[in-house]
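K.L.:
Let me give you the structure first, and then I'll get to my questions.
The values are calculated or read from the model by the stated rules, or taken from the named source; none is laboratory data. Just so it is clear, the structure is predicted and the values come from calculations on it, not from any experiment. We place every Cβ from the backbone using ideal geometry, glycine too, and count neighbours over all the protein chains shown. Ligands, DNA and RNA are excluded from the accessible area calculation, which covers all protein heavy atoms including side chains. Shrake-Rupley method; radii C 1.70, N 1.55, O 1.52, S 1.80 Å.
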Number of protein chains: 2
Amino acid sequence: MHQSIKNIKEYLDIFDEDDLNNAIRDLTITEILDQWDEFTKEEMVRLFTHVDQEFKVGLISEIPTQDQETILIELSASGINNVLSDMEPDDLVDLIQQISPDVRQSVWDSLPNEVKEETEFLLKFDEDDAAGLMTPRYAAIRKDITVSQAINFIRKRVEKVETIYYLYVVDEFKKLVGVISLKEILTSEDNVTIDTIMERHVLSAREDTDQEHVVKIMEDHDLLALPVINRYNKLLGIITIDDAIDVMREEQTEDVYKMGAMSGDTDSYLESGIFKLILKRIPWLIILLLAGTASTNVIAAFSDVTSMAFVILFMGVITQTGGNCGTQSSTLMIRGLATGEIHFRDFFKIIRKELLVGSLIGLVTGIIIILRSFLLPPGGILIQEALTIGLSLNFVVIFATIIGASIPLTLHKIGLDPTVAAGPLMSTVIDVCGYAIYFTTIRLVLF
Amino acid sequence: MHQSIKNIKEYLDIFDEDDLNNAIRDLTITEILDQWDEFTKEEMVRLFTHVDQEFKVGLISEIPTQDQETILIELSASGINNVLSDMEPDDLVDLIQQISPDVRQSVWDSLPNEVKEETEFLLKFDEDDAAGLMTPRYAAIRKDITVSQAINFIRKRVEKVETIYYLYVVDEFKKLVGVISLKEILTSEDNVTIDTIMERHVLSAREDTDQEHVVKIMEDHDLLALPVINRYNKLLGIITIDDAIDVMREEQTEDVYKMGAMSGDTDSYLESGIFKLILKRIPWLIILLLAGTASTNVIAAFSDVTSMAFVILFMGVITQTGGNCGTQSSTLMIRGLATGEIHFRDFFKIIRKELLVGSLIGLVTGIIIILRSFLLPPGGILIQEALTIGLSLNFVVIFATIIGASIPLTLHKIGLDPTVAAGPLMSTVIDVCGYAIYFTTIRLVLF
């Protein structure tokens with residue numbers, strides 16, 4: 001299409017106004033975001049004031065909170081007014097919730113009353129529920145109008161709603177009674193009434209439906225928007241697909257953090273202060289550290305076994321391999337539970353499968369460690385010692401696959417988040433039990 | 001809205017045809033998918049034949065491959081024809097690529113020629129590229145028509161295209177010269193020509209653009225569809241948002257698997273055979289096992305230190321804590337690199353931050369392990385021993401944060417996938433180095 005600008009920064013620093021305007025016109029938001037954190041505050045503001053209105057609205061929703069603040073502080077009250085009034089109400093609510101209190105006040109004062117009311121309505125809802133994602137700017141019609149009246153209505157309302165691609169049919173109490181897509185309307189005859197062509201079985205979310213479930217419904221049914229209703233079936237707003245995608249990204253980040261043994265809050269790494277990062281990390285580290293010290297008791301209980309030099313040599317690699325194998329199993333379960341592919345009712349089927357997989361993997365890794373102990377330094381391992389090491393690795397690996405699969409399934413069954421049973425917890429548990437298995441095997445075989 | 005059916009299976013087994021039809025009418029695809037793997041093959045087929053056409057098309061794209069086959073085998077040739085012809089061409093291509101060769105032939109034979117041609121066109125492209133996601137059913141117009149002509153065109157074409165929400169403007173060589181949203185058309189005067197209102201700067205993907213980049217562009221710009229062009233700017237097809245969402249889910253699963261030290265292929269767990277699962281898991285296990293055996297050499301090299309009983313007691317918990325801490329750092333980096341928040345140019349800023357975080361975490365965990373070694377069994381630890389253990393844990397944790405942050409950043413910089421540096425690799429590296437740091441600290445302080 002167009003030659004992308006390799007370094008926007010250079011344009012911002014040296015070009016004159018006209019050249020800058022020309023250069024910016026060809027940029028995409030993706031290109032700007034890619035280079036965003038190289039800009040100084042002055043450059044951010046300069047760039048922002050030079051892009052056109054629609055672009056401003058798209059850009060401000062995507063940049064980090066502190067940069068939103070920088071730009072809002074620099075804009076005049078009327079400038080704020082223009083940009084923020086054009087934002088989707090749900091994005092605006094997110095922005096207002098995130099910015100610091102002093103900036104918030106001046107932003108709030110500059111908003112027109114209509115936008116304030118809308119925002120106040122949305123601020124009542126929990127941000128993790130369906131209602132926290134919705135916009136009140138939907139297109140609603142009555143069921144007794146005709147197709148041509150509906151088309152006229154859309155053409156007049158188009159600027160005031162977030163999507164025109166679904167029309168929601170409501171009764172006199174604003175109860176949701178049907179839905180019709182613009183596609184459907186456009187293919188129908190002009191004088192047909194909406195009543196006869198609308199879909200009466202409307203997929204919807206309740207105001208307190210969990211946002212993850214909202215995403216699932218929209219994904220399974222390939223919907224571009226989903227209506228949100230209260231318990232009396234009254235239409236409150238709609239959730240559009242762009243917001244569902246943001247939720248997907250956020251949930252994904254949360255899951256990855258939890259799998260890395262951290263709290264799931266999705267604040268930016270670069271923006272977070274040292275103490276915030278420590279607070280995110282230290283609770284799990286301490287829990288795992290204290291749990292992990294149980295290994296000192298296990299090792300102490302087998303002091304007869306650990307007095308043999310070769311036993312100590314392989315302590316680390318045996319429990320490490322067990323931990324890796326358990327991590328694999330728990331990762332498969334956690335992901336399967338998250339995508340809805342795996343259910344607790346498959347428990348025994350899964351355990352049988354893991355037992356088989358674990359036995360074969362245990363055999364292979366057992367043989368490898370036996371060969372390794374003969375062929376490479378430090379050496380000096382007797383044949384019966386090597387065989388015992390291989391055998392115990394085999395046991396540890398089988399144990400690890402079973403534990404790795406059953407802990408996440410059980411946590412999920414009793415209503416806890418299976419994600420905590422990811423790598424770090426798994427390897428701590430397997431470390432402690434792995435030592436016991438390793439030492440017991442040696443005691444039984446060699447003593 | 002409606003009372004959801006707790007157990008669809010019961011309905012499938014006992015109800016008569018009329019009751020079943022009534023019961024099914026109120027089901028959503030999400031509800032059916034939730035209970036899908038409880039159904040027998042007969043029940044799947046019975047359910048499938050009773051839902052209406054639109055529902056069939058939605059459902060068949062979402063169920064596992066082997067169940068798609070089961071249903072396709074049961075359907076008559078004309079039944080196959082009906083369902084598959086109504087599927088989006090890109091979903092159809094995915095289905096045809098996945099089913100087993102014998103079913104594929106009979107499915108292929110039953111397709112109408114028009115669908116065959118479309119499918120053959122799409123099969124030419126790599127499924128991981130932009131072109132592998134696209135549908136050729138887009139709405140294209142010429143720039144010299146008026147708004148009212150465009151509306152008429154849409155109303156006639158609506159059944160033949162996947163989305164009517166963007167119209168792509170092409171010249172006589174099918175080169176993409178502009179785009180206009182249906183929203184824009186509906187707000188314009190009837191006799192205005194498209195030329196004067198279309199957007200000339202069209203966001204697009206090249207046929208070989210990576211699918212992850214496609215998702216990024218659509219996400220950043222809140223697009224419902226993105227056109228795909230070849231190197232001569234000729235319009236080949238469009239990618240719709242539902243397919244972009246599927247890619248997001250798939251990439252997410254790939255990333256999670258890789259972080260759990262497995263190959264990233266996203267085949268279903270329950271459907272995969274034992275040997276496929278082993279193949280997915282064993283390469284990384286063997287690599288990590290062989291790397292991990294380096295710890296035997298480290299331990300052997302410090303036999304003077306490990307001859308002291310207290311040293312062995314804490315070997316496990318010290319390296320484990322280091323591994324957990326390194327996993328946290330690498331998880332933060334991997335996620336930040338994936339979302340585009342973190343870049344290599346922030347290397348020193350990040351390392352400084354991790355050094356500070358690591359020092360404080362090291363201090364806290366060091367104090368905890370000193371207290372733990374005094375207060376709880378096995379006990380018998382001397383004060384200078386406990387202090388040395390705490391000090392070495394502190395060193396290991398600081399080392400772990402630095403390594404955990406720098407390895408993913410460096411891998412990404414040199415063009416490798418940073419995801420491999422997740423938990424399992426990290427804890428293996430830190431195990432080996434952690435022993436060395438632990439033993440060296442003891443040797444320096446106590447000898």
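K.L.:
In chain A, with Lys and Arg counted as +1 and Asp and Glu as -1 at Cβ, which of these residues, A:125, A:393, A:95, has the Cα nearest the positive end of the dipole, that is, farthest along it?
P.N.:
Looking along the dipole axis, the top candidate is A:393.
K.L.:
Among B:105, A:446, B:343, which residue has its Cα furthest toward the positive end of the charge dipole of the protein assembly as shown, with +1 on Lys/Arg Cβ and -1 on Asp/Glu Cβ?
P.N.:
Working it through, the farthest residue towards the positive pole turns out to be A:446.
K.L.:
R0 = 35 Å: FRET efficiency of residue B:250 with residue A:52, Cβ-based, nearest 0.05?
P.N.:
In this case the efficiency is close to 0.50.
K.L.:
Also, I was wondering about something else. When all protein chains stay in place, what accessible area (Å², nearest 10, 1.4 Å probe) is found for residue B:59?
P.N.:
Approximately 0 Å² of residue B:59 is accessible to the 1.4 Å probe.
K.L.:
List the distances, in nm to one decimal, from the label point of residue B:273 to the label points of the same position in every other copy, shortest first, placing each label point 7 Å from Cα along the Cα-to-Cβ direction.
P.N.:
5.9
K.L.:
Using a Förster distance of 51 angstrom, determine the FRET efficiency expected from the C-beta separation of residue A:279 and residue B:123, and round it to 0.05.
P.N.:
For residue A:279 and residue B:123, the calculated efficiency is 0.45.
K.L.:
With a Förster radius of 45 Å, plug the Cβ-Cβ distance of residue B:23 and residue A:287 into 1/(1 + (r/R0)^6) and report the FRET value to the nearest 0.05.
P.N.:
E(calc), rounded to 0.05, equals 0.40.
K.L.:
Am I reading the B/A interface right? What is its buried accessible area, both sides, 1.4 Å probe, to the nearest 100 Å²?
P.N.:
Between B and A, the summed buried area is about 11700 Å².
K.L.:
Let me know the mean shielding of B:203-211 by other chains, meaning the per-residue number of their Cβ atoms within 10 Å of its Cβ.
P.N.:
The mean count of partner-chain Cβ atoms within 10 Å per residue comes to 1.
K.L.:
About the Cα centre of region A:140-241, what is the dipole size in debye to 20, counting +1 per Lys and Arg Cβ and -1 per Asp and Glu Cβ, all else neutral?
P.N.:
400
K.L.:
Given contacts defined as C-alpha pairs under 8 Å and at least six residues apart, what's the relative contact order of chain A, whole-number percent?
P.N.:
Rounded, it is 11 percent for chain A.
K.L.:
To test your reading of the geometry: what angle, between 0 and 90 degrees and rounded to tens, separates the Cα axis of helix B:41-50 from the longest principal axis of chain B?
P.N.:
Here the helix axis deviates by roughly 40 degrees.
K.L.:
If you take every DSSP beta bridge fully contained in chain A, what fraction is antiparallel? Give it as a percent rounded to 5.
P.N.:
80
K.L.:
Moving to a separate point now. For chain A, set up a Gaussian network in which alpha carbons nearer than 10 Å are linked by springs, and say which option among A:260, A:340, A:358 fluctuates the most.
P.N.:
Fluctuation is largest for A:340.
K.L.:
So which GluC sites (Glu not before Pro) in region A:180-251 end up in coil per DSSP with only 10 or fewer other C-beta atoms within 10 Å?
P.N.:
A:189
K.L.:
What shape does region A:162-238 take by its C-alpha gyration tensor, where a ≥ b ≥ c are the square roots of the eigenvalues and a/c under 1.5 counts as rounded, a/b above b/c as prolate, and the rest as oblate?
P.N.:
It comes out oblate by the Cα gyration axes.
K.L.:
With springs connecting C-alpha atoms under 10 Å apart, model chain B as a Gaussian network and identify which of B:119, B:388, B:339 has the largest mean-square fluctuation.
P.N.:
Result: B:339 has the largest fluctuation of those listed.
K.L.:
Relative to the first principal axis of the alpha-carbon coordinates of chain A, what is the inclination of helix A:309-339, with its axis defined by its Cα atoms, in degrees from 0 to 90 and to the nearest 10?
P.N.:
That helix lies at roughly 30 degrees to the long axis.
K.L.:
Per residue, how much accessible area does region A:8-123 show when a 1.4 Å probe rolls over the protein heavy atoms, in square angstrom?
P.N.:
With all protein chains present, region A:8-123 gives 48 Å² per residue.
K.L.:
Still on this structure, I have one more. Please compute the contact order of region A:1-117 in relative form: average sequence separation of alpha-carbon pairs under 8 Å and at least six residues apart, divided by the residue count, as a percent.
P.N.:
22
K.L.:
For chain A, what does the alpha-carbon gyration tensor say about shape, rounded, prolate or oblate, given a ≥ b ≥ c as the root eigenvalues, a/c under 1.5 as rounded, and a/b over b/c as prolate?
P.N.:
Here chain A falls in the prolate category.
K.L.:
When chain A is modelled as a GNM with alpha-carbon springs shorter than 10 Å, which of A:247, A:57, A:158 fluctuates the most?
P.N.:
A:158
K.L.:
Also, I was wondering about something else. Search the structure for amide H atoms under 5 Å from the amide H of residue B:238, placed 1.01 Å from N in the peptide plane, and list their residues when 5 or more places away or on another chain.
P.N.:
B:135, B:137, B:228
K.L.:
With just the Cα atoms defining each centre, how far is region B:80-109 from region B:423-444? Give it in Å.
P.N.:
First find each Cα centre; the distance between them is then 54 Å.
K.L.:
Something else now. What percent do you get for the relative contact order of region B:140-246 when only Cα pairs under 8 Å and 6+ apart count?
P.N.:
Computed over region B:140-246, the figure is 25 percent.
K.L.:
Of the accessible area of chain A, with the probe set at 1.4 angstrom, what percent is carbon plus sulfur?
P.N.:
55
K.L.:
At 222 nm, what helix-only mean residue ellipticity would chain A give, in deg cm²/dmol to the nearest 500, using -39500 (n - 2.57) for each DSSP H run of four or more?
P.N.:
It comes out at -20500 deg cm²/dmol, rounded to the nearest 500.
K.L.:
To the nearest 10 degrees, how steep is helix B:101-110 against the longest Cα principal axis of chain B, on a 0 to 90 scale?
P.N.:
Tilt of helix B:101-110: around 20 degrees.
K.L.:
Name the trypsin sites (Lys or Arg not before Pro) in region A:187-288 that are in a loop by DSSP and that have at most 14 other C-beta atoms within 10 Å, would you?
P.N.:
A:200, A:231
K.L.:
With every protein chain present, what is the per residue accessible area of region A:362-407 (1.4 Å probe, Å²)?
P.N.:
On a per-residue basis, 41 Å².
K.L.:
Leaving out ligands and nucleic acids, note down the accessible area per residue over region B:140-246 with a 1.4 angstrom probe, in whole Å².
P.N.:
44
K.L.:
With a 1.4 Å probe and all protein chains kept in place, how much accessible area does residue A:143 have, in Å² rounded to the nearest 10?
P.N.:
Solvent-accessible area, nearest 10 Å²: 100 Å².
K.L.:
DSSP beta bridges in region A:140-241, what fraction antiparallel, as a percent rounded to 5?
P.N.:
Antiparallel: roughly 75 percent of the beta bridges in region A:140-241.
K.L.:
Going by a 1.4 Å probe on protein heavy atoms, which residues of region B:334-360 end up with at least 40 Å² less accessible surface in the whole assembly than in their chain alone?
P.N.:
Relative to the lone chain, where solvent access is computed with a 1.4 Å probe, region B:334-360 loses at least 40 Å² at B:335, B:341, B:345, B:353, B:357, B:360.
K.L.:
Beyond a 24 Å Cα-Cα separation, which of these cross-linked pairs lie in this structure: A:234/A:413; B:216/B:353; A:234/B:56; A:41/B:353?
P.N.:
From A:234/A:413; B:216/B:353; A:234/B:56; A:41/B:353, over 24 Å: A:234/A:413; B:216/B:353; A:234/B:56.
K.L.:
Still on this structure, I have one more. Using a 10 Å cut-off around each Cβ of peptide B:418-427, what is the average number of partner chain Cβ atoms that fall inside?
P.N.:
Across the residues of B:418-427, the mean count of other-chain Cβ atoms within 10 Å is 4.
K.L.:
Taking the Cα centre of each part, how many Å lie between region B:266-300 and region B:5-76?
P.N.:
39
K.L.:
Rounded, prolate or oblate: which one fits the protein assembly as shown, using the alpha carbon gyration tensor with axes a ≥ b ≥ c (rounded when a/c is under 1.5, else prolate when a/b beats b/c, else oblate)?
P.N.:
prolate
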